[in-house]
1. Hey, what number do you get for chain B at 222 nm if only DSSP H runs of n ≥ 4 count, each worth -39500 (n - 2.57), divided across all residues, to the nearest 500?
2. For chain A, what relative contact order do you get, as a whole percent, if you take Cα pairs closer than 8 Å and at least 6 residues apart?
3. Using DSSP, restrict attention to beta bridges with both residues in the range A:407-499 and report what percent are antiparallel, rounded to the nearest 5.
4. Under the rule a/c < 1.5 gives rounded, and otherwise a/b versus b/c splits prolate from oblate, where does chain B land using the Cα gyration tensor?
5. Taking R0 as 22 Å, what's the FRET efficiency between B:Val477 and B:Glu394 from their Cβ-Cβ distance, rounded to 0.05?
6. Applying 1/(1 + (r/R0)^6) with R0 = 60 Å to the Cβ-Cβ distance of A:Asp155 and B:Asn441, what FRET efficiency is obtained, to the nearest 0.05?
7. Where a ≥ b ≥ c are the square roots of the eigenvalues of the C-alpha gyration tensor, would you call the protein assembly as shown rounded, which needs a/c under 1.5, or, failing that, prolate if a/b is larger than b/c, or oblate?
8. Note down the net charge around A:Lys440, summing +1 for each Lys or Arg and -1 for each Asp or Glu among other residues with Cβ under 11 Å from its Cβ.
There are 2 protein chains.
Amino acid sequence: MAEEAAVRAQAETVRRLKQDKADADEIAKEVAKLLEMKAQLGTDEGKQKFVLKTPKGTRDFGPKEMAIRERAFKAIISCFKRHGAEVIDTPVFELKETLTGKYGEDSKLIYDLKDQGGELLSLRYDLTVPFARYLAMNKITNIKRYHIAKVYRRDNPAMTRGRYREFYQCDFDIAGQFDPMIPDAECLKIVHEILSDLQLGDFVIKVNDRRILDGMFAVCGVPDSKFRTICSSVDKLDKVPWEEVRSEMVGEKGLSPEAADRIGEYVQLHGGLDLIEQLLQDPKLSQNKVAKEGLGDMKLLFEYLTLFGITGKISFDLSLARGLDYYTGVIFEAVLLQQENERGEEPVSVGSVAGGGRYDGLVGMFDPKGRKVPCVGVSIGIERIFSILEQRLEASEEKIRTTETQVLVASAQKKLLEERLKLISELWDAGIKAEMLYKKNPKLLNQLQYCEETGIPLVAIVGEQELKDGVIKLRIVATREEVNVRRESLVEEIRIRTSQC
Amino acid sequence: MAEEAAVRAQAETVRRLKQDKADADEIAKEVAKLLEMKAQLGTDEGKQKFVLKTPKGTRDFGPKEMAIRERAFKAIISCFKRHGAEVIDTPVFELKETLTGKYGEDSKLIYDLKDQGGELLSLRYDLTVPFARYLAMNKITNIKRYHIAKVYRRDNPAMTRGRYREFYQCDFDIAGQFDPMIPDAECLKIVHEILSDLQLGDFVIKVNDRRILDGMFAVCGVPDSKFRTICSSVDKLDKVPWEEVRSEMVGEKGLSPEAADRIGEYVQLHGGLDLIEQLLQDPKLSQNKVAKEGLGDMKLLFEYLTLFGITGKISFDLSLARGLDYYTGVIFEAVLLQQENERGEEPVSVGSVAGGGRYDGLVGMFDPKGRKVPCVGVSIGIERIFSILEQRLEASEEKIRTTETQVLVASAQKKLLEERLKLISELWDAGIKAEMLYKKNPKLLNQLQYCEETGIPLVAIVGEQELKDGVIKLRIVATREEVNVRRESLVEEIRIRTSQC
């Protein structure tokens, strides 16, 4: 009896809650309607105050910024193509669950879309997880691809230093079961080529291996369960001094002071082949299986990098940890060094411009049968590179053209609009890049000024006498030279005169 | 007394509704917590079943699709550059209020982001509103720009016909105070050039003017307040027959049958200059001020299009209305015509591939002082074009290359990995596009097969004897010809042999 009553009470509660929910929905709808009416009223009155801005942490690219961006992309894409990469693209959002459990502590920075009915979606956080999803979904076990696209992180923006909430990543990845360290070495070669090509100044590429880190944690006495969180602490070493990192490990994360101190000794080590050899002899580390594997592969990597002739810029650095959860082997990060250091001190790093590593388990997380596809890849952090190129361009006072127009179709007298339209149409149809002013009767001076401002090298001037003679007057803006060209030769003449531009 | 009771009852209702709302929120929170816990459990067990798909209405672009996409983009971008356009880019999301009140009935299709604290954001719905926001924000009164980017609409996808929820728009717009119809005519010329260049088959560009429509509505007896909604009905004429549109006007929208019938007579008219002249003589329409303005400008537009030599593909069509709220003058839409029509019937349109028009009021909606910047622009609907190009490529069985690799660095014997690495590094540094298999000892047959599959035209074969002789064996894949090339001439030889590719 009591049970029956309880069940009935429960059913009543459920019924009431459902009703409440329906009521609340009704209210929400009414409120939405009112707000919409208000917005429409606002529109009709033309009075509403817009906040005229882009969302926090984002920016527009005007024509000048785009010209710089295209330059940087060109260098990066031509490097990726030089290494035989195909290109893919994926949607800007993914199913929310696709991103779940991939980014560790950074997951809180993911942008979710509002639930408007249907699937739950999130904006992509990087290009690596969508790539892994793409491979698993299409059962691809073997590909070398690049992908250049925007990713989204609800991070604290620092826009002057090139840290945005919407930013480009330029990713190159090699997926497939291959002999050890050959694709890994190519990724480092690519970073080296791109940073050299862009002439961003001196740089160093730090290299480490998650297996060496894990082995190091083990021999230092870090419990297995704390590996990832202690790894996150080590990752902060490029921004904060060891003392702070140590106190986070001991204070917040409950690591024993002895273990922390042992880690402290390792993470200050950096060097080349000699350091690898030294650690392979390290009495503790050499006894640890994963560390030994990692060190063996690191040695092989350095041999390949020697053949590529780039070890001068590579530093095996035990303090490099990388934040993301999905790395399983080699990890690396390229940092620019302070350009002019007048006091002769050791160069200070001004920031990471590329990073990457091996992630052999990520594709398996998406495959229904857990089939793994080993992957290694690199991501170029282009926003910081843009910032540097922009600053440099501003300092150099180089005038950058934002169009490719070869010729302005102009007129010397009034009432020649029709003739200008006819001529420009001929030029467009012949593939010539041509502009005209959108005025019926523009002044010649204004037309010439437009060329000066925008860098158009030639002016094709239509005049009454020239029309009678079957010629067009071609003016070379830089020299102010003018020549009459027969109309049928005009296209060819423009091509010749702009082929050096 | 009765009044007081009513007020009290109302207050009680409000209190109860508020409580209900709070309860419902509490439930929603609890559910969210449980779902999160469930998700975390799933992660820890590594067991959760991923739905391996892209979000509804979106797709990945694999290397082949990208190759087709790049071809189409190339044609479009080179046309935009030929017309002297600069390029800009804006963020993928805007403040929600930036998009409010711009799209009329379509606003319900906007993707909102979840409120995660901070600003309320929405994904852009087109590139026109962000462009207007950009102009107002930067006080730009004069620009010709293109913008190619993805936009987002929560519409019903029909992917086989190229209708997606995430899709590219390729926009070209001219902003500024200019003499009438010159920029408008250029927009139509651009559509004509691009559709001709892409060889998509026969097409027609329908043209109309919002002022002609408004004047027509007025003389047909449509009340002012119903202009926009009746315009929406007319917009459906390309998909549904007049009878259905008429019954929507009369039934749903309360228009008088007489007014609807008068509209019905006008909207079946289409033609060229002759139709414009006829309507300028129309006893009713010629008395209407805005209609007369619109017809006068339409006449001027046709004169300019005649000079451009493209009136053959232009149809002045009184049934063209365009859905969006922001148009104020000329509107147009390009449709592809059914390719092969064996029964000799009138060609049937298979779908819109470009559209646009004049929107002189939009920038003013963003300017704090309401300053207007007249604009006209065109948007190329690239997804439908992709679909057509993809189908055509599939039918043609043309093999499309997805990389640009010039040479594969191969070896004829074992133990030559180091030599391959050294050689490929030299080639990369000289700017040659080169690949190698990531195997220590690949079989020569496998290496040659890789070239056949991926279309690599040359193989640089490292062999022991050749190393001693200081030469590399260069194999031309297509002819199976092999030549020994001195190592120092290899780069030059590869350049020459691939310059025709």
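What follows is calculated from the coordinates using simple rules that are stated; it is not laboratory data. Note that this is a predicted model, so its numbers are computed, not measured. Counting neighbours? That spans all protein chains shown, and the Cβs are built from the backbone with ideal geometry, glycine included.
1. -13500 deg cm²/dmol
2. After rounding, I find 14 percent.
3. Antiparallel bridges: around 60 percent, rounded to the nearest 5.
4. Oblate, since a/c reaches 1.5 and b/c is not below a/b.
5. Efficiency for this residue pair is about 0.30.
6. That pair, A:Asp155 with B:Asn441, gives E of 0.85.
7. oblate
8. +2
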